[in-house]
1. Taking a virtual spin label 7 Å from the Cα of A:Ala246 along the C-beta vector, which residues in the stretch A:27-51 bring their backbone nitrogen under 17 Å of it?
2. Rg and Dmax in Å for the stretch B:110-179, alpha carbons only: what are they?
3. Any idea what the alpha-carbon Rg over 2.2 N^0.38 Å comes to for the stretch B:223-336?
4. For A:Leu171, A:Leu60, B:Leu382, give me the order by solvent-accessible area with a 1.4 Å probe, most accessible first, ignoring ligands, DNA and RNA.
5. What's the center-to-center distance, using Cα atoms, between the stretch A:156-206 and the stretch B:322-353 in Å?
6. Compute the distance in nm between two label points, each set 7 Å from the Cα along the Cα-to-Cβ direction, one at A:Leu4 and one at B:Gln112.
7. Mind checking the log10 I(q)/I(0) for the stretch A:44-179 at q = 0.11, 0.16 Å⁻¹? Debye, one equal scatterer per Cα, no solvent, two decimals.
8. Taking the convex hull of the alpha carbon atoms in the stretch A:2-293, what volume per residue do you get, in Å³?
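The values are calculated or read from the model by the stated rules, or taken from the named source; none is laboratory data. The structure presented is a predicted model; accordingly, all values stated were derived computationally and were not measured. Here the Cβ is made from the backbone with ideal geometry for all residues, glycine too, and neighbour counts use every protein chain on show. Protein only, heavy atoms only, side chains kept; ligands, DNA and RNA dropped before computing areas. Shrake-Rupley method; radii C 1.70, N 1.55, O 1.52, S 1.80 Å.
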Amino acid sequence: MEILLQQLINGLVQGSIYALVALGYTMVYGIMGLINFAHGEVVMIGTLVTISVAGLLLKLGLPVALAGGAGLLAAVAVCMALGWGLERIAYRPLRNAPRLTPLITAIGMSIVLQNVAMLVWGRNYLTFPAIAPKAQFEFAGASFTAVQVMIVLVSALTMAGLLVLIYRTRLGMAMRATSQNPQVASLMGVNVNRVIAAAFVIGSALGAVAGVMVGSYYEIAHYQMGFMLGLKAFTAAVLGGIGNLAGAMAGGVLLGIIEALGAGYIGDLTGGFLGSHYQDIFAFIVLIGVLMFRPSGLFGEKTGDRA
Amino acid sequence: MRFVPLKLSLSALAVCSAFALTACGQKEEPKAAAPAAAPAPAAKPEITVKIGHAAPMTGPQAHLGKDNENGARLAIEDLNAKGLEIGGAKVKFELLGEDDQADPKQGTIVAQKLIDAKVNGVIGHLNSGTTIPASKLYADAGIPQISGSATNPKYTQQGFATAFRVMANDVQQGKALGEFASKQGVKTVAIVDDRTAYGQGLADEFRKSAEAAGLKVVASEYTNDKATDFKAILTKIKSTKADLVFYGGMDAQGGPMVKQMKELGIKARFLGGDGVCTPEFMKLGGDASEGNFCSLPGMPLEKLAKGPGFKEAFSKKFNAEIQLYAPYLYDAVMVMAEAMKRANSVEPAKYLPEVGKTKHDGVTALIEFDEKGDLKSGAISLYQYKGGKLDYVETLGGGAVATAKAEVKEAVAEVKEAAKAVGEAAKEVAKEGVKAGAEAVKAGAEAAKEGVKSGAEAVKGAADAAKAAVDKK
């Protein structure tokens with residue numbers, strides 16, 4: 001029983017990380033219908049910037065909380081600038097291009113960012129400075145750490161914050177309008193360029209937060225860490241219904257739990273025929289199943305085909 | 001917010017994943033400049049020997065790939081500084097580096113690229129998973145290949161005359177690790193591997209050896225060589241209460257794994273092979289790595305005659321710590337160059353037979369190959385992670401010790417046999433001697449008898465003569 005509980009905790013935490021990254025995907029997609037494949041790399045840059053800044057401050061003898069906070073702020077600032085730059089350089093010139101073009105550009109930017117990071121931070125694995133509290137808890141035989149609790153809380157709060165932003169603020173209203181029809185929105189006096197840039201900047205800031213969370217959870221970082229993470233988060237976003245904030249959260253958590261349970265029990269269920277290396281297959285079977293019956297994802301709203 | 005119609009989102013998904021995969025498969029390749037051999041001046045001919053090198057230069061094992069390349073590069077520079085002459089021409093060695101991304105598919109692509117570039121020999125690849133498929137291409141092209149790090153036994157078992165390795169293989173390593181685990185008083189083990197040719201091969205050999213030593217394998221779990229989260233499989237292992245977790249894989253996964261074991265409150269110890277026996281592992285594993293064990297083929301560098309010198313030259317040249325295989329790569333290049341020198345040719349077909357006859361006193365070991373291209377003296381050393389350093393524990397199992405033991409046994413048996421034979425012979429000789437003696441005595445007696453007889457006869461004769469004479473008178 002405590003094993004099941006432990007697996008659920010593992011899945012919940014892993015899923016919250018996916019969700020946090022997936023929010024960034026879904027933000028941009030909801031407004032522009034663009035999948036920003038470079039988002040995983042933004043997360044990676046966030047982690048690496050934190051390592052550099054917090055590591056340096058810790059070396060200078062600053063208290064852990066201060067160094068960690070400064071690291072987080074620096075990461076958020078760098079990633080916001082990066083998100084803005086990406087949109088300005090790679091996507092805005094292609095705003096009216098066919099759908100495939102920005103997608104390819106996104107993959108291109110992802111590769112560029114990976115290689116820039118490799119040149120700046122090197123090929124080696126980096127250890128993430130210990131800026132998160134180390135406390136460990138036991139609950140009904142399952143153990144978890146303070147960082148894990150923090151990850152779950154941060155992603156839930158971030159999602160709530162985003163919902164408030166989208167549905168309760170002027171910027172949010174402009175975003176929703178742009179999402180529905182950019183031309184009409186701009187006729188109504190919405191500065192579409194600024195709204196889209198804002199979506200990128202906010203999404204990237206979330207990416208930075210996700211990066212810090214991932215870093216303090218696994219305590220390692222590498223210039224290619226964003227790729228798989230991005231892919232999984234993208235899957236989570238599709239599972240939940242891409243473009244939908246609550247869907248990204250639900251999809252992420254669901255994917256994490258499916259993976260954990262899959263890895264934990266697939267061997268027993270199939271009598272050892274399939275091992276834990278089939279955990280991804282488990283997750284993708286669920287994804288295919290969901291898409292067959294609810295093509296726009298779990299929370300995706302049905303929309304009619306529009307010319 | 002708006003949601004794009006379903007057809008679009010689905011096709012976008014399909015397209016994205018397709019692109020994601022291609023993006024994964026084909027990253028930029030470091031441009032390998034391959035200038036053709038410089039036009040030889042009439043007076044002093046100079047030839048350029050191209051040595052191909054392949055290892056992951058990007059991806060999670062990029063740090064090990066760079067380490068390998070540095071090892072090979074140091075050897076090439078030493079050779080050029082020495083100024084070898086082969087076949088009356090001055091030889092300039094040149095390293096053609098390729099990035100195989102630790103991916104078997106990419107491994108064959110870069111192998112073909114190196115073959116097309118007409119390299120004289122290949123050093124590498126790093127991973128067994130890339131080395132094995134690539135070795136077929138090199139064998140078909142007749143290009144000698146020496147790997148300094150591919151430890152899966154299959155590599156040299158395919159029967160290719162071109163495949164060599166300067167490191168003990170995983171049969172030896174898995175065996176030593178299994179024996180070591182049982183010596184540590186471990187009763188139950190959980191085995192995790194990363195499903196690569198290396199990880200799986202090592203884990204299988206460990207399993208055989210552990211089971212032979214009477215250990216019980218209570219869990220077999222799997223991950224991959226890009227994973228960072230192992231909590232799900234570790235939770236399952238926790239429920240089996242194994243004494244030891246064995247990991248067949250590399251440091252980039254092993255380090256976080258040992259850390260997550262601690263976070264989950266798993267008391268089991270951790271054991272791994274050469275892939276996790278690195279400074280990187282301890283950096284990634286932190287405190288959790290402390291006190292656990294790993295193994296490396298060969299002997300520790302500090303204990304070898306040329307080890308400390310190499311270490312110093314390496315850190316001076318690259319301003320970096322040796323990660324793992326650099327010394328082996330250095331030796332691999334040296335072995336190849338020496339074979340060329342002995343054959344007095346840089347033609348692959350001509351110097352290939354010489355590679356098999358190598359007897360090179362290298363940095364890592366005295367390198368001699370068996371008929372398959374494996375290292376003859378493959379000892380395995382065990383280390384403990386202690387205070388951020390690899391602490392040498394002992395050298396175990398391994399080919400060298402086993403062969404030496406077998407040789408001693410044989411010798412003893414031979415001596416015994418010989419002693420027995422000597423004894424037998426002595427007995428025989430003694431018997432024979434006695435017999436001969438008796439015969440001699442008998443003969444002597446006979447002779448004496450005869451003599452006496454003849455003497456008597458003579459005396460008789462004389463008496464007769466005397467009698468006759470007296471009668472005449």
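1. Only A:27 pass the distance filter.
2. 12.5, 45
3. My calculation over the Cα atoms of the stretch B:223-336 gives 1.23.
4. Result of the area sort, largest leading: A:Leu60, A:Leu171, B:Leu382.
5. If you average the Cα positions of each part, the centres end up 63 Å apart.
6. Placing both labels 7 Å along Cα→Cβ, they lie 5.2 nm apart.
7. Per q value, in the given order, log10 I(q)/I(0) is -0.63, -1.11.
8. With only Cα atoms used, the stretch A:2-293 gives 146 Å³ per residue.
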